[in-house]
Ligand code: ARG
């Protein structure tokens, strides 16, 4: 396949022939990097202003460029901008349009700059916006878990290990476990944002430039803390995207865990919670069904987010310094992961806000499966001064007895208890109830409602 078109207007000086159509297809990124149009224009406006301030271009040219770029932005925003695949990417699309609008001064914009520092800057600005959105989304999600914890601080439910009933816990405690998880995600996103906030602009192609530019000025104009210190690193670094993807993967993993709990809990076999109609769907054939589709989709989103992380790690692996075109493949992955994460965060926040815990079912389940056996063993230790290993053994015998009689531990009469251990007194029954059990777990970080309330208060303060 050949292409008789003339060579590229931006870099075609040494080319006699235009690119093959297939070359154009594999080379062009405009189909997706148009999402960075606003960042591209913002970066170019800051660059033009700096060039004028340093006397590298005239004030008049800078003014024409800066205003022209705003016109380009308004065309993009209103949907009248015509993107061209022949112009490869967003950078050259914008510049070509600027040339059409303002003529000669547009050609001065690319002084002391390369698409290498330009794309690194644009992409960083884009990822930074996503980090901010993730931070906001996580704060909203954490608040929704806090509200659930507040409302059910002393509601009992079974705590599980191996998905087998283990010990009674409080609903508030379970909700607060997710607050801790998403709190770590929040701090990871904040860390990533603080680490990435250095400006690549002015690194030029790779080595810096001989023009007397002021990188601190463009860095400040774009909200960066400082310019990046090494021009080679600046154009070849995609750690900021990897950091975002890594934090997103972990966050999506957490989302998938609660999503899975919602799927289990909302089933007819559990009935721990009722999902709102707003976040459920029906079946086209079975009229009785109310399906937790949103939870299932949130559970699945982690697949594409992890995929994006692995893809970008693989793209970057083994790349020699500095820029290589491989790095153009960075964006679609990050775009998709960011879209998926923001949607999953918003959907989960809505589901948690609307979630109704079913108190009676939770309480019944909390008392099932001999869930207070540990309380009984602890009582034997505390009241009879029995070594824990022996208490564990005695309790095991009592559980077996209850199992044989087809009853729960609190239903064993005192004589039954004493047939296993003669020293047991009626006080033992105090520790066999699920409420007392949760109240008694007062070690720091434990499930006792007062401790849960203290953690809720601490988190409310952290979020401000
Ligand atoms: N579209 C390119 C990208 O996304 C822009 C940078 C091109 N640089 C170059 N030296 N060809 O990576």
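The values are calculated or read from the model by the stated rules, or taken from the named source; none is laboratory data. Just so it is clear, the structure is predicted and the values come from calculations on it, not from any experiment. So basically every Cβ, Gly included, is an ideal-geometry build from the backbone, and we count neighbours across all protein chains shown.
Observations
- Selection of first residues in the range 202-229 that are on the phi > 0 side of the Ramachandran plot and without any contact (Cβ under 8 Å) to a residue 60 or more places away in the chain and of second residues that are within 16 Å of the ligand (Cβ to nearest atom) and assigned to a helix (DSSP H, G or I), restricted to Cβ pairs under 8 Å at least 6 apart or on distinct chains, gives the following pairs, ordered by first then second residue: 208/231.
- Matching residues in the range 77-100 - criterion: being without any contact (Cβ under 8 Å) to a residue 60 or more places away in the chain, away from the ligand (no atom under 11 Å from the Cβ), closer than 21 Å to residue 12 by Cβ and not in a loop (DSSP other than H, G, I, E, B): 94, 97, 98, 99, 100
- For the range 8-26, the tally of residues that are within 15 Å of the ligand (Cβ to nearest atom), farther than 30 Å from residue 221 by Cβ and surrounded by fewer than 16 Cβ atoms within 10 Å (Cβ to Cβ) stands at 7.
- Screening residue 35 with (1) within 31 Å of the chain's Cα centre (by Cα); (2) buried (at least 21 other Cβ atoms within 10 Å of the Cβ); (3) within 16 Å of the ligand (Cβ to nearest atom) gives one miss only, at (2).
- Only one entry in 417, 327 is out of contact with any helix residue (DSSP H, G or I) (no Cβ under 6 Å at 6 or more places or on another chain) and within 16 Å of the ligand (Cβ to nearest atom), namely 327.
- Residue in the range 283-310 that is modelled with the highest pLDDT, counting only those that are closer than 17 Å to residue 357 by Cβ and part of a loop (DSSP other than H, G, I, E, B): 292
- Residue match in the range 275-282 (condition: part of a loop (DSSP other than H, G, I, E, B), closer than 29 Å to residue 162 by Cβ, more than 16 Å from the ligand (Cβ to nearest atom) and touching a strand residue (DSSP E or B) at 6+ places or on another chain (Cβ under 9 Å)): yes
- Selection of the range 106-123 for residues being within 9 Å of the ligand (Cβ to nearest atom) and either buried (at least 24 other Cβ atoms within 10 Å of the Cβ) or part of a helix (DSSP H, G or I) (or both) yields 115, 116, 118, 119, 120, 122, 123.
- On the stretch given as the range 187-201, residues that are in contact (Cβ under 8 Å) with a residue 40 or more places away in the chain, more than 16 Å from the ligand (Cβ to nearest atom) and surrounded by 15 or more Cβ atoms within 10 Å (Cβ to Cβ) total 8.
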